[in-house]
Amino acid sequence: MRSVRALAAMAALSLLTVPTTIFAGEGKQGGVLRMYHRDSPANASIHEGATYSINVPFMGVFNNLVIYDQHIAQNSPDTLRPELAESWAWVNDNKTLTFKLRQGVKWHDGKPFTSADVKCTFEMLMGKSQQKFRQNPRKAWYSEVNDISTNGDFEVSFNLKRPQPSLLALLASGYTPVYPCHVSPGDMRTNPVGTGPFKFVEFKANESIKLVRNPDYWKRGRPYLDGIEYTIIPNRSTAILAFVAGKFDMTFPTHITIPLLKDVKSQAPNAVCVVEPTNVSTNIIVNSTSAPFDNIDIRRAMAMALDRKAFVNILFEGQADIGGTMLPPPQGIWGMPKDRLESIPGYGPDVNANREEAKKLMQKAGYGPDKHLAVKVSTRNLAEYRDPAVILIDQLKSIYIDGELDVVETANWFPKVARKDYMLGLNLTGNSVDDPDQSFYENYSCGSERNYTNYCNKEIEKLFDAQSQEIDVSKRKQLVWDIDKKLQEDVARPIIFHARAGTCWQPYVKGITIMSNSSYNGFRYEDVWLDK
Amino acid sequence: MFAYLVRRLFLMLVTLFGISVVIFFLLRIVPGNIVDILFAAAGYVDPADKANLEKELGIDQPLVVQYWHWISGLLRGDFGYSYVSEKPALQEILPRIPITARLAGLALLFSASIGIPLGVISAVKQGTRLDYTLRVISLSGLSLPSFWLGLLILTASVSFFGQMPIFNPNPKTFLEAFATYAVPAAAVGFRSAALTMRITRSSMLEVLRQDYIRTARAKGASDASVNYHHALKNAILPVITVIGIEAAFLIGGLIVTETVFNIPGVARFLVEAIRWRDYPIVQNLVMFIAVVVVFANFIVDMLYAVFDPRIRFTD
């Protein structure tokens, strides 16, 4: 009898504890998440955009084949999760990536999702279909894909020219949603149709973006929110004041600069704020096709004169990262370890010693205290470009270089760079996926459209391919570090720092994770809920 | 009076034609076009894609052909499509006009209802403590930029009341509607009120020294009758001119105020459209503003004629 009582007591206890555990992890249904948006995106088509002004509001409309776990801050091969694909497998000596697709998924207009949608999306991205995107900024991501084949309605294969394990990482980016075949690219710009947790309602340019819960979402019980509303507020002061006054549940992700973060915390002490790297590097583009920077000594001297810590202290109150091309650890997966980084000329901790070396190189090139080199430092007319450019000009003075700021309007920036009508340029490079294949091929490969300086090194090109095919992650890392070091030594695009930025939300907003090595991949928001 | 009206109407049409030419060609002189900006946002430039897009938007055609398309379209009532949103330009512009019109109207009302009486008081009480106080206030109104005043108002409302007078597209009560427009209108109208007050004061002072004012007083007219009936009626002409010009200049102040208070009116939309080089929006919107300004001047001319009959006979 005693044992029966004990069993009953245990059963009762378990009944009490189990539901509590479940409820603690479960969100509440309902409510509209109110956010501000920092600017008005050109349109709603993620595939045609190259700024996370598009990903943030529209990622929730779509699904990918695979996605990075939305609750783990660091994107890595270990955090890849199935989404429209239920499973995947590498076959044919790792040259074919086959996905088994989820069945019963419907587009927001009620049409069924099939493998044909996957095929047509990626053929459009590869430029192989009748319908064309107006712009296709990530076409290079699929340069190793030969073709896409389907086997019935629910199996699709990417047939590659050579193994490329990083293809999965690229497919998991917020930039890689699957589009429906039956909607034209033009309609996707103005009235996007997806399979995702939120349906598009309206986008009023310069005013607002509205999404509503998809009641037929294939993932049962999701999303929690009834909708998401973005009010477009380009003025940062107004937007932050409105958040402080409780008009918004959340700021635009990574919109709070480090100096502003203190203001927000003092005015809204209950707000939850996190600071993460954005995987956007501030760097120098060097026109090495004409004098004086066709002289490698002057390029190296300039790179060696940089006091990166000063940039970080002035602009970020110490909260930014120094690294090479790849985002440095611990948030970055592929960044060089500190000792390797500091072995690169100009990265050593003794700035004065670095500058003495730099001066010798300048003197070798014919410059000195009596003969300064006059250069123009061109940059875009935005604070995040202008401010570091001013510091750069100040630092270059120490090695006989007199810089002059040349502020260029956005509309003229890329045409100017493409014409090679600049000497030095202060540039920002955002990396949408923390993977070397994305960064190396896009920014440093011969002939790439985003390789602004036309840096072309056939030896490094071979290493790009070698690391890209390497399946063993630790071996790949070694190769990546070698490449990164060589890129810095070649002064291909000297990296000054990797920025960090803050995001804040009201304490009742739950289920938000700000990605720590990407600003592009964490906005599905199907698990976000409001505790009020 | 009829000949005067016809002549003014003709001049108005000639002015609008001239403005359309200037708007169109100045906009094309500005470096870069929508295609450059779209590719800048995409971070790359593909010459073939760029050429396709330019062809699609029709900006590869000779300027004269583009101008003809625009003007002939306008005459047919076809305002074209926004390059950015791909929606009809009229559909983008029209809903924003009443918002800005309400804001501008309220700002002008604020300017006239505060500026004119205070200007009169300041002139009548010349040299007194009240006059000096009002002059300091008007000077501060002219010195404070509206964006700064706007931010100050926003910061103060959040700090002291925990409230944000940000634009409410669907006000439920009169108070909400008033709050939506009154605060930004006051921010932008403060400068106009100060200007109106200064002009009213100086114009009044000049008139108050005239012989007929002394005669009126000698005849035993009351102060109120002299100040408002005899003096103000004659002093009001320069004030009307200034308010008319202010109506035109207001759009400049509204750009900043609409940005600070996040009001989705035409002024902010225009700046955004210029940034994107969204020609159909910019051309039509600037043309619309030009029509408003030219029309405001026309009304001022007509009011002049009404208030001072000498003008219609001598013009």
* Residue separation times 0.36 nm, minus the C-alpha to C-alpha distance between B:Gln61 and B:Lys87: what's the value? -> 7.2 nm
* Structure fact -> Between the modelled labels at A:Lys338 and A:Val407 (7 Å from Cα along Cα→Cβ) the distance in nm is 3.8
* Asked: Beyond 14 Å, what share of the Cα-Cα pairs of the stretch B:30-78 remains, rounded to the nearest whole percent?
  -> 59
* Nearest 100 Å² is fine: how much accessible area is buried between A and B, summed over both sides, with a 1.4 Å probe? => 3400
* So, with a 1.4 angstrom probe, what is the percent of accessible area on the protein assembly as shown that is carbon and sulfur? -> 59
* Report the net charge of residues surrounding A:Ser516, where surrounding means a beta-carbon distance below 13 angstrom and charges are Lys +1, Arg +1, Asp -1, Glu -1. => -3
* With label points built 7 Å along Cα→Cβ from the Cα atoms of A:Asp465 and B:Leu94, find their separation and express it in nm. => 5.9
* Return the percentage of antiparallel bridges among DSSP beta bridges fully within the protein assembly as shown, rounded to the nearest 5 %. => 75
* **Rounded to whole Å, sorted largest first: equivalent-ellipsoid semi-axes of the protein assembly as shown, Cα gyration tensor** => 55, 35, 29
* Structure fact -> Here the relative contact order (percent) of the stretch A:408-518, from C-alpha pairs under 8 Å and at least 6 apart, is 20
* Structure fact -> Projecting the Cα atoms of B:Ser146, A:Leu261, B:Gln91 onto the charge dipole of the protein assembly as shown, where Lys and Arg contribute +1 and Asp and Glu -1 at Cβ, the residue farthest towards the positive end is B:Ser146
* Per the Debye formula with a single identical scatterer at each Cα and no solvent contribution, what log10 I(q)/I(0) holds for the stretch B:37-115 at q = 0.11, 0.17, 0.20, 0.21 Å⁻¹? -> -0.52, -0.86, -0.98, -1.02
* Formal net charge of residues neighbouring A:Phe252 (Cβ-Cβ distance under 10 Å; K, R +1; D, E -1) -> +1
* Say a paramagnetic label sat at a point 7 Å from the Cα of A:Ala374, along Cα to Cβ; which residues of the stretch A:280-311 have their backbone N under 18 Å from it? -> A:291-293
* Please state the charge dipole magnitude for the protein assembly as shown, taken about the Cα centre, from unit charges on C-beta atoms (+1 on K and R, -1 on D and E), reported in debye and rounded to the nearest 20. => 2160
* For the stretch B:9-153, evaluate the Debye formula with one uniform point scatterer on each Cα (no solvent term) and list log10 I(q)/I(0) at q = 0.13, 0.19 Å⁻¹, rounded to two decimals. => -0.88, -1.22
* To do: Give me the angle, in degrees from 0 to 90, between the Cα long axis of helix B:266-276 and the longest principal axis of the Cα atoms of chain B, rounded to the nearest 10.
  => 30
* Tell me, what is the FRET efficiency for B:Val291 and B:Ser140 to the nearest 0.05, using R0 = 41 angstrom and their Cβ-Cβ distance as r? -> 0.75
* Structure fact -> Taking Cα atoms, the helix A:258-267 axis meets the longest principal axis of chain A at an angle in degrees (rounded to 10) of 40
* Structure fact -> Dividing the surface of the Cα convex hull of the stretch A:390-487 by four yields a projected area in nm² of 8.0
* **Residues losing 30 Å² or more accessible surface upon assembly, the stretch A:182-200, compared with the chain by itself, 1.4 Å** => A:Thr190
* To do: Using the structure shown, list the pairs from A:Lys132/A:Lys420; B:Lys125/B:Lys219; A:Lys128/B:Lys50; A:Lys111/A:Lys210 with a Cα-Cα distance above 24 Å, or answer none.
  => A:Lys132/A:Lys420
* Structure fact -> When every protein chain stays in place and a 1.4 Å probe is rolled, A:Val91, B:Val242 sorted by accessible area with the largest first are A:Val91, B:Val242
* Structure fact -> In this structure, the FRET efficiency calculated for B:Leu205 and B:Val14 from their beta-carbon separation, with R0 = 51 Å, to the nearest 0.05, is 0.85
* If you put +1 on each Lys and Arg Cβ and -1 on each Asp and Glu Cβ, how big is the dipole of the stretch A:166-262 around its Cα centre, in Debye rounded to 20? -> 200
* Structure fact -> About its Cα centre, the stretch B:165-309 carries a charge dipole, from +1 on Lys and Arg Cβ atoms and -1 on Asp and Glu Cβ atoms, whose size in debye to the nearest 20 is 340
* Asked: Taking only Cα atoms, what is the 0 to 90° angle, nearest 10, from helix B:174-208's long axis to the longest principal axis of chain B?
  -> 50
* Structure fact -> The correct pair for the stretch A:289-370, radius of gyration to one decimal and Dmax as a whole number, both in Å and from Cα atoms, is 14.6, 46
* Over all distinct alpha-carbon pairs, what is the Kirkwood Rh of the stretch B:151-234 in angstrom? -> 16.3
* Structure fact -> Rounded to 0.05, the calculated FRET efficiency for the beta carbons of A:Ser184 and B:Thr128 at R₀ = 60 Å is 0.25
* Structure fact -> Judged on accessible area alone, 1.4 Å probe, highest first, B:Glu206, A:Glu442, B:Glu54 line up as B:Glu206, B:Glu54, A:Glu442
* Determine the order of A:Arg162, A:Arg524 by accessible area, beginning with the largest, at a probe radius of 1.4 Å. => A:Arg162, A:Arg524
* Structure fact -> Relative contact order as a percentage, chain A, C-alpha pairs under 8 Å and 6+ apart, gives 22
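The values are calculated or read from the model by the stated rules, or taken from the named source; none is laboratory data. Here the structure is a predicted model, which means the values were calculated and not measured. Methodologically, a virtual Cβ is constructed for each residue, glycine included, from the backbone with ideal geometry; neighbour enumeration extends over all protein chains shown. With ligands, DNA and RNA removed, areas are computed over all heavy atoms of the protein, side chains included. Shrake-Rupley method; radii C 1.70, N 1.55, O 1.52, S 1.80 Å.
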